[in-house]
1. How big is the Cα convex hull of segment 15-88 in projection, averaged over all directions, in nm²?
2. Determine, from the Cβ-Cβ distance of ILE254 and PHE4 and an R0 of 22 Å, the FRET efficiency 1/(1 + (r/R0)^6), rounded to the nearest 0.05.
3. Tell me the label only: which of (1) 14.0; (2) 12.9; (3) 16.2 is mean projected area of the Cα convex hull in nm² as calculated from this structure?
4. With respect to the cross-link table entries LYS81/LYS164; LYS61/LYS81; LYS6/LYS164; LYS135/LYS164, which display a Cα-Cα separation exceeding 20 Å?
5. Using θ = phi - 60° and the Karplus relation 6.51 cos²θ - 1.76 cosθ + 1.60, list the HN-Hα couplings for segment 191-197 in order, rounded to whole Hz, with x at every Gly or Pro.
6. Please give the contour-minus-distance gain from ALA56 to ILE162: 0.36 nm per residue of separation, less the Cα-Cα distance, rounded to one decimal in nm.
7. Quick one: angle between helix 22-33 and the longest Cα principal axis of the chain, in degrees between 0 and 90, rounded to 10, please.
8. Counting only Cα atoms, I'd like the Rg/Rh figure for segment 172-256, Kirkwood definition for Rh.
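The values are calculated or read from the model by the stated rules, or taken from the named source; none is laboratory data. Keep in mind that this is a model prediction, so the values were computed, not measured. In this analysis, Cβ positions are derived from the backbone assuming ideal geometry, glycine residues included, and neighbour counts consider all displayed protein chains. These accessible areas exclude ligands, DNA and RNA; they are computed on the full protein's heavy atoms, side chains included. Shrake-Rupley method; radii C 1.70, N 1.55, O 1.52, S 1.80 Å.
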Amino acid sequence: MGIFDKFSLIGRVALVTGSGRGLGLQMAKALAEAGAHVVLSGRSSDMLERGVASIAGAGGKASAAAFDVADLDAGREAITKLHADHGRLDILINNVGARDRRPFAAFSDVEILDLIQTDLLSAIALSRSAAEIMKAQGHGRLISVTSIIGSMARSGDAIYPIAKQGLTGLVRSLAAEYGPFGITSNAIAPGMFATETNAGISANPDMIAFMRQRVPLQRWGQPEEIAGAALFLASDAGSFVNGHVLTVDGGMSIQM
């Protein structure tokens, strides 16, 4: 098998959460282009169907599973249905992340728990369900999207980094526990990307100046630039990478 053949995902089935748009959709498109059947998930059925149509229009295979990851039972049911429909699950990308930039003291206990449930507990629940299927197959790829902020800190933005650092602990724990079953567990830590969510601030002159000063590549990341990292970790090209956090940030996290 040549090196380029190792990137093939023909015959694989993947679930990507939060994949109606943004980084999630770009990762889903990359997996589909490599040959996987990709199940897009999110809360908006209309958005998911547009994503499915986009992948199908490019010659890929995709379907949609609309559910809220914060509903842990709904997530487990979605995994069960996916397995029943396709007979396997090879790749799970936990991509959903909710963020609320406020001072730490401004949050109620309920608000903190809601964010932790969406950003961390959902990935734990989905990974547990997916890993049991992957164990039976003797193969699997668990991938979680963290953030460079998970290993950094910023005043007025406490809960998101807490959850993202928790995801780092999750992927490393799963790497150790499920590695003997042929399952790898890794994370992707994006920096600043010009997604739809960031459309306003990415066009702000002050933010553009900040990025030029703070990021060695002196620009925002483009959404499609996350795709290569996802494909590498999901494919046999990354078969001996386990328990790793792959940073994709243009060098932002290493520059003082």
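1. Values: hull surface 17.6 nm².
For segment 15-88, the mean projected area of the Cα convex hull comes to 4.4 nm².
2. On the way: r = 30 Å, r/R0 = 1.35.
According to the calculation, E is roughly 0.15.
3. It is the value labelled (1).
4. On the way: LYS81/LYS164 28 Å; LYS61/LYS81 17 Å; LYS6/LYS164 30 Å; LYS135/LYS164 26 Å.
Too far apart for the 20 Å limit: LYS81/LYS164; LYS6/LYS164; LYS135/LYS164.
5. x, 8, 10, 7, 8, 4, 4
6. Stretched out fully, the ALA56 to ILE162 stretch lengthens by 34.4 nm.
7. 30 degrees
8. On the way: Rg = 15.8 Å, Rh = 14.4 Å.
Rounded to two decimals, Rg/Rh equals 1.09.
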